[in-house]
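The values are calculated or read from the model by the stated rules, or taken from the named source; none is laboratory data. Everything quoted here is computed from the prediction, not taken from an experiment. Counting neighbours? That spans all protein chains shown, and the Cβs are built from the backbone with ideal geometry, glycine included. These accessible areas exclude ligands, DNA and RNA; they are computed on the full protein's heavy atoms, side chains included. Shrake-Rupley method; radii C 1.70, N 1.55, O 1.52, S 1.80 Å.
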Amino acid sequence: MTTAQTDEVVKEPPAPATPSDERERERMRRRLARKRGGGWWPYVFLAPWFVGLFGLTIYPMLDSLYLSFTKFDLLTSPEWIGAGNYDRMFTEDPVFWDSVRATLLYVVVSVPLKLALALGVAILLNRPLRGIGLYRAAFYLPSLLGGAVAVAIVWRQVFGGDGLFNDVLGWFGITGQDWISSPDTALYTLVLLAVWQFGTPMVIFLAGLKQLPKDVYEAAAIDGASPVTRFFRITLPLLTPIVFFNVVLQIIDAFKTFTPAFVVSNGTGGPLNSTMLYSLYLYKKGFTDLQMGYASALAWVLFLVIAGFTAVNFVAGRYWVHYDD
């Protein structure tokens, strides 16, 4: 065989791959991908999380959804009643609407006040002062204690007829009242307790303030911008992603408030349902009246309301939240 013929033989195209060859190559690619990704070990380490997700979150949610269409008292088997719980809720239950009004008022009043106070204190603490760490810890401490039962009991004593708040008013010649027992003021004592727990959003605001560029403030100061102008033209626009994050978290947290309302009202939601927050009413129906099916329906309505508020925040955030891009 000549050299030209040998070259011709070498240059002949390879035979087309058969389907079995393609499958073998695909198996090899998958085997190599598993080796690069660690094989099954990542799933082994994630197994406890998956057990918790499905066993403690997804399954209870689905079971609660089923129970919301039943009549269930924890003692007998659930009885399917369709949408009866929801129909009763919206058409036959006046206490439900009292809880909705109290909760919406609580959210609308407490969240803006809490965030405003948290931002103001964060700005004051964003300075190189001696012992600043101690001040930050002191302002954050109420957030650690605010949800405790003991603090709610103290709060009830402070705003009682003979409480500390009335003693302070007496120094100025003002006659106080039993703020907890008045339906016009009882809810606002819970609002004050919520505002007092401003430590968590304060820390988040403080972290955001640390990331703001200093050169922008220096340029504004050279141009003669006042501190108020710098706040509204520089600080607040640059801080809008942090504001948005805090708004979403605090609205969700406010809708779920339970312990203060339960302790301050002795579990009754009184006086005249003025402190009957939604979570407290849900608890009463489920564990006091043993109407677990109805309580499950209440829980799903709360879930949908929180999801709706969160979705509205995300849509509205497109128009006022300013990111780097």
| What order do Phe244, Phe314, Phe69 take when sorted by accessible area (1.4 Å probe), most exposed first? | Phe314, Phe69, Phe244
| From the list (1) 71; (2) 59; (3) 55, can you say which value of percent of Cα pairs over 24 Å apart was derived from the structure given? | (1)
| request: Any chance you could count the Lys pairs in the chain whose alpha carbons are under 21 Å apart, treating pairs 8 or more apart or on different chains as valid? | output: 6
| remark: If one builds a Gaussian network model of the chain from Cα atoms under 10 Å apart, the most fluctuating residue listed among Val264, Val100, Val51 is Val51
| request: Kindly report, to the nearest 10 Å², the accessible surface of Val108 as traced by a 1.4 Å probe over protein heavy atoms only. | output: 100 Å²
| request: Name the long-range amide H neighbours of Lys71: under 5 Å, sequence gap of 5 or more, or other chain; modelled H, no Pro or chain starts. | output: Glu79, Trp80, Ile81
| said: For the full complex of protein chains and a 1.4 angstrom probe, list Phe50, Phe255 by accessible area with the highest value first. | reply: Phe50, Phe255
| request: Please identify every one of the trypsin sites (Lys or Arg not before Pro) in the range 199-287 that sits in a loop by DSSP and has no more than 16 other beta carbons within 10 Å of its own beta carbon. | output: Lys256
| query | To the nearest 10 Å², what's Val191's accessible area with a 1.4 Å probe? | reply | 10 Å²
| note | Of the DSSP H helices in the chain, the ones reaching 30 Å or more along their long axis in Cα terms and averaging at least 1.0 in Kyte-Doolittle hydropathy are 94-125, 292-320
| note | Taking a crude spin-label model, label points 7 Å out from Cα along the C-beta direction, the Asn266 to Asp184 distance in nm is 2.3 nm
| task | Divide by every residue of the chain the summed helix terms, -39500 (n - 2.57) for each DSSP H run of at least 4, and state the resulting mean residue ellipticity at 222 nm, rounded to the nearest 500 deg cm²/dmol. | result | -20500 deg cm²/dmol
| request: Just read off the accessible area of Leu53 with the full protein assembly in place, 1.4 Å probe, to the nearest 10 Å². | output: 50 Å²
